[in-house]
Each structure stands twice: as C-alpha cells, then as structure tokens.
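Worksheet: the structure to be examined is printed underneath.
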Amino acid sequence: MTATAFTLEGDYLLAPPRPADRIGIDPRDRRRLELHAALTAAGIPPRPEDREAIESLSALSGSVNSTVQRWLHHTL
C-alpha cells in the first residue's frame with residue numbers, strides 16, 4: 001500500500017484509507033467484541049466469570065449473535 005501525499009495550501013494530506021487494505025479481524029472476535037459492547041450498553045457489564053458464556057455465544061453464527069444483540073438493545 002502506498003499513500004499519496006498532496007499539497008493543499010501548504011499542508012500535506014494523506015489519501016483516505018482504503019477498507020480493502022485494513023487488517024481483517026476474525027468474525028468470532030468481532031462477535032465477541034460486539035456482544036461485550038451490547039451487554040455494556042444494556043447496563044449489564046460482563047464479569048470475568050461470564051467469559052465462558054460470551055466465548056460460547058461468539059462461536060455461534062453471526063445471525064445468532066445479531067439476535068442476542070437485538071434482544072439486548074430491545075431492553076433499553
């Protein structure tokens with residue numbers, strides 16, 4: 001990946017990032033992070049002993065994870 005710099009009134013700006021160049025995150029990790037965020041937003045901060053349940057839920061399909069998140073958002 002090469003960034004192109006250009007001048008605009010004396011400033012050097014970088015070209016906008018390209019999503020295709022970003023480092024990918026494992027879908028399971030993304031679901032785990034999203035579940036943590038949804039629980040916290042619903043006022044249920046995950047406890048250390050919740051790790052096993054969150055890992056198990058994150059291993060399920062994306063549609064299951066989305067449903068759980070929808071349930072959590074609905075409680076707000």
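In a DSSP loop and with at most 10 other Cβ atoms within 10 Å, the trypsin sites (Lys or Arg not before Pro) in segment 6-76 are ARG22. For segment 35-76, the relative contact order comes to 52 percent (Cα pairs under 8 Å, sequence separation of at least 6).
Each reported figure results from applying straightforward, stated rules to the coordinates on display, with no laboratory input. Just so it is clear, the structure is predicted and the values come from calculations on it, not from any experiment. Note that we place each Cβ from the backbone using ideal geometry, even for glycine, and neighbour counts take in every protein chain shown.
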